[in-house]
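Comments concern the structure below.
Bear in mind that the values in this text are calculations on the coordinates, not laboratory data. Just so you know, these numbers come straight off a predicted model, no measurement behind them. Positions of Cβ are generated from backbone atoms using ideal geometry, with glycine treated the same way; all protein chains shown enter the neighbour counts.
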Amino acid sequence: MIEIVFLGTSASAPSIHRGLSAQVVLHKDYRFLVDCGEGTQRQILRSGLGFKRLNRILLTHGHLDHILGLGGLVSTFARWETVDRIEIYGGSWALERVGRLIHGVVLGGNEPPVQIDLIPVQPGVVLEDETFEVVAFPVVHRGPSLGYLFREKPRRPFLNAQAELLGVPKGPDRGKLVAGTPITLPNGLVIRPEDVLGPPRHGACLAHIGDAGRTEDLVDAVRGADLLVIEATYLRREADMARRFGHLTAAQAARLAQDAGVHQLVLTHISRRYRESDILDEAREVFPSAIVARDFDRFRILRREVERSGER
């Protein structure tokens, strides 16, 4: 299972009800902060998530409404020493701006009390273990941008009935087979993993895109995701303005979700110029189950199943 908590869902500037872009993605012991707009610290506190283990930050791009909150967050980490290392991942342009913010403004050229690692990201695997991975892919916006896939790796289920039929005892031998190691039974019969493992089953997948100026090059990247999070800054009637500023309309985001065969669509980066119902109406013409995220919404993502909770 993968979870995402929306801390800020507004475009460009905060509103009364919406903070600036920030989300937390959770999977087992992992906690990732994706973007960190102004005011994110307060949103973290209001959400109840707290700061512990929130030491991996993924940036979609370097615009100020997505990174300015890092100054205060790093300052708090430095004072409270809640973590001993902060890892900030992003493209080179985003990291350059963040480096100037943190080292030039927040720290004033002084040595940080915690280790701060600015880690350049190229399209491909950013982080992985045996069962989970984070993958970056390129996004076209005003300047280099990235999207991220958070996904459980495929696994092959253990076929208990087949194992019983072959005489595989319960215990460590079954664990070896699951891990990919053949075993030899007392009668000399060699059991290979493929003898007792079923076909691979895909795990849950969350596709996250921040700001984007076009969608045609994103279809393959997010294809089949259980949940797609993406901006919907404009409505179709202002499509020319959307193109000028490198953003999407709700209809474009919905078309991407449909073309890529995603299970659920959640729209964010909402402009104060529109009513939420107008965004939903436009998106649902194309993708009927589309949702507009609100601050503190929480989504639990399983394979082909998404559950929503939060402040209504």
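Counting other Cβ atoms within 10 Å as a rough exposure proxy, the listed residues 16, 230 run 16, 230 from fewest neighbours to most.
Please give the contour-minus-distance gain from residue 223 to residue 46: 0.36 nm per residue of separation, less the Cα-Cα distance, rounded to one decimal in nm.
Details: separation 177, 0.36 × 177 = 63.72 nm, distance 3.35 nm.
Stretched fully, the residue 223-residue 46 segment lengthens by 60.4 nm.
Estimated purely from DSSP H runs of n ≥ 4, each contributing -39500 (n - 2.57), the mean residue ellipticity at 222 nm for the chain is -6500 deg cm²/dmol once divided by its residues.
Loop-located trypsin sites (Lys or Arg not before Pro) in region 5-45 (DSSP state not H, G, I, E or B) with no more than 15 neighbouring Cβ atoms inside 10 Å: 28. Among 263-269, 150-156, the peptide with the highest mean count of other Cβ atoms within 10 Å heads the list, and the full ranking is 263-269, 150-156.
Taking only complete DSSP H runs, can you tell me which helices of the chain stretch 27 Å or more along their own long axis by Cα positions and average at least -1.0 on the Kyte-Doolittle scale?
Helices meeting the span and hydropathy rule in the chain: none at all.
Would the chain count as rounded, prolate or oblate if I go by the C-alpha gyration tensor, calling it rounded below 1.5 in a/c and otherwise prolate when a/b exceeds b/c, oblate otherwise? Cα axes put the chain in the oblate bin.
Taking every DSSP bridge with both residues inside the chain, close to 65 percent are antiparallel. With the cut-off at 1.5 for a/c, could you classify region 152-273 from its C-alpha gyration tensor as rounded, prolate or oblate? Prolate is the answer for region 152-273, as a/c is 1.5 or above and a/b outweighs b/c.
Please give the FRET efficiency for residue 300 paired with residue 105, using the beta carbon to beta carbon distance and R0 = 30 Å, rounded to the nearest 0.05.
0.20
Under the definition of Cα pairs under 8 Å and six or more residues apart, what whole-number percent is the relative contact order of the chain?
Values: 712 pairs, mean separation 51.4, N = 312.
The normalised contact order for the chain reaches 16 percent.
Loop-located GluC sites (Glu not before Pro) in region 36-141 (DSSP state not H, G, I, E or B) with no more than 16 neighbouring Cβ atoms inside 10 Å: 81, 130. Within the listed set 270, 119, 209, the Gaussian network model of the chain (springs between alpha-carbon atoms below 10 Å) gives the highest mean-square fluctuation for 119.
Order these by the 10 Å Cβ neighbour count, fewest first: 17, 103, 61. Intermediate results must be reported in sequence, preceding the final value.
Numbers: 17 13, 103 17, 61 22.
The fewest-first ordering by Cβ neighbours comes to 17, 103, 61.
Treat each spin label as a single point 7 Å out from the Cα along the C-beta direction, and report the residue 289 to residue 258 distance in nm. Going from the residue 289 label point to the residue 258 one covers 1.6 nm.
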